[in-house]
Amino acid sequence: MDARIDFFGNAVSAKFSRYINSAGKVVSDSALPHATQELVKLRASQINGCGFCTDMHYKDAVHAGEDLVRLNLVAAWREATVFTDAERAALELTEQGTRIADAAGGVTDEAWAAASKHYDEDQLAALVSLIALINAYNRMNVIVRQPAGGYQPGQFG
């Protein structure tokens, strides 16, 4: 499959990407644990069917030393016993924040309370920002049909 547009080569989309990449740096530099960040990006990408981002974040997590069993169980995190309570709360918030159209009430108070038990205000701000950001990346890549599989860790920075 070929991309519908060279999103990385187009002047408008390249400029837009630089801005959202800057927003991403704010999150990656935050106190939200890096492992949690990778799990969130991977799970949202799986839900959204973004092969490019699923491939990228799986490879980035492996490159950063994440356990392969945990990565392979992200899609079944509710049944898996390899995630901490904090990671489970982040994954629940990710799912609800990604599937907003599927839930009339949006993100539940229970999901927010669970996340609030494990993360301070700055970490929650980073988590919400990350969920919004990865959903934006997923939507861009799905719309333009960015092909999956060719990403190498460190390719974009």
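Before moving on, here are some points about what is shown:
- The chain, accessible area per residue, ligands and nucleic acids excluded (1.4 Å, Å²): 54
- Label positions at V12 and R99, each projected 7 Å from the Cα along the C-beta direction, are separated by 3.4 nm.
- The apolar share of the surface of the chain, taken as the fraction of accessible area on carbon and sulfur atoms (1.4 Å probe, ligands and nucleic acids excluded), comes to 57 percent.
- Calculated diffusion of the chain, Stokes-Einstein form, Kirkwood radius summed over Cα pairs, 25 °C and 0.890 mPa s, µm²/s: 153
- Candidates per GluC sites (Glu not before Pro) in region 69-125, loop by DSSP, up to 13 other Cβ within 10 Å: E79
- Only Cα pairs under 8 Å and 6+ residues apart enter the sum, and on that basis the relative contact order of the chain stands at 40 percent.
- Note on region 58-149: Cα Rg divided by 2.2 N^0.38 Å, N the number of residues, gives 1.17.
The values are calculated or read from the model by the stated rules, or taken from the named source; none is laboratory data. All values reported here derive from a predicted model rather than from experimental measurement. Note that each Cβ is placed from the backbone with ideal geometry, even for glycine, and that neighbours are counted across all protein chains shown. Each accessible area value is taken on the protein alone, full model and side chains, heavy atoms only, with ligands, DNA and RNA left out. Shrake-Rupley method; radii C 1.70, N 1.55, O 1.52, S 1.80 Å.
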